[in-house]
1. Quantify how strongly other chains surround peptide A:58-64 by giving the mean number of their Cβ atoms within 10 Å of each of its Cβ atoms.
2. Work out the count of Lys pairs in the protein assembly as shown where the Cα-Cα distance is under 25 Å, with the pair 8 or more places apart or on different chains.
3. Run the 1.4 Å probe and let me know the accessible area of A:Thr50, rounded to the nearest 10 Å².
4. Quick one: pull the percentage of alpha-carbon pairs in region B:104-157 with a separation above 16 Å.
5. How far is helix B:117-143 tilted off the main Cα axis of chain B, in degrees rounded to 10, range 0 to 90?
6. Mind listing, in residue-number order, the residues in region B:15-35 that have at least 40 Å² less accessible area with every protein chain present than in their own chain alone (1.4 Å probe)?
7. Along region B:165-177, what does the Karplus equation 6.51 cos²θ - 1.76 cosθ + 1.60 (θ = phi - 60°) give for ³J(HN,Hα), rounded to whole Hz, x for Gly and Pro?
8. What's the center-to-center distance, using Cα atoms, between region B:13-52 and region B:153-177 in Å?
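The values are calculated or read from the model by the stated rules, or taken from the named source; none is laboratory data. Note that the coordinates shown come from a computational prediction; the quantities given were computed from them, not determined experimentally. Every residue, glycine as well, gets a Cβ built from its backbone with ideal geometry; the counts of neighbours run over all protein chains shown. Surface accessibility is based on the protein's heavy atoms, side chains included, excluding ligands, DNA and RNA. Shrake-Rupley method; radii C 1.70, N 1.55, O 1.52, S 1.80 Å.
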Amino acid sequence: MMLDSNVIKAKVAELLRVDPMKVQDDTIVSDLVADSFALVEMVVELQEQTGIRLMQKDLQGVRTVGDLTQVMVRLSAAA
Amino acid sequence: MSSLRESELWLLSFYRQSEIAGALFFGRLAKNIRRGAIQRDMAKHFADESQHAWYWTRCVHELGADVQNLPFTYQDQYIEAGGMPVNMMEILAVTLAFERRVIGQYVAHSRAPGIAQPVVDTLATIMTDEKWHIRWVTEALDGMKAEYGADVVTATLKRYIDADREVYRSFLDEYAERMSGLMQFKSK
């Protein structure tokens, strides 16, 4: 099932416990987390909740929330 | 008065700091894993690393010193060298590379001449746990070969082992003087 980018953004906000308004396409993902491990936790949990499997190479070049949602939408469409 | 040399105190403090970092890492992971053998074993791993930090703290105190608060851990440089792990398979691969390094370091230390008895005892206790860490992580990674593919798991592990070698090499370069003290321990 193809994921909706707004659903992914809502999950990111929920997992990071941040205001959903702060999770916009141009938001830098690393600006949302306190440390790099919080990012690992969020990405692992996001996979758990969506059923999409990510590999390190999938996230190379991902800087913004929009980059992340694009990758996940693409992978969900291919699944 | 402490019987520890400054370089020994630094090394034992470094071990403690790395064990604490490991405990925090596995604790955060264990909190999120929902099911299965990995949930059970990750929680045990977390508990072990916490215990090890306590063992090193106790050891240093038995030797009459206070641990040093170091501003870094060995793990800090892993993500930079090997890239951020983004799934459980990659997390286990980086863990296995790290655990192999830890046990190699502790074995080398335990063979050093003239080390103090509290250090001998602490190393022996911790190495029992470390052997189990390597076993459970290896088995968990093997179990993921069906999902990710054996080639992918093997390549990921190799990437993190290579990263570990790079990190260890730069670590030895940076702290050569203190690490060389490891092989020069004298009877107290």
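1. Per-residue shielding by partner chains comes out at 1.
2. Here the count comes out as 16.
3. 30
4. For region B:104-157, the share of Cα pairs beyond 16 Å comes to 55 percent.
5. Helix B:117-143 sits at roughly 10 degrees to that axis.
6. SASA drop of 40 Å² or more in region B:15-35: B:Arg28, B:Asn32, B:Arg34.
7. 4, 5, 5, 5, 4, 5, 5, 5, 4, 6, 10, 3, 4
8. Between the Cα centre of region B:13-52 and that of region B:153-177, the gap is 21 Å.
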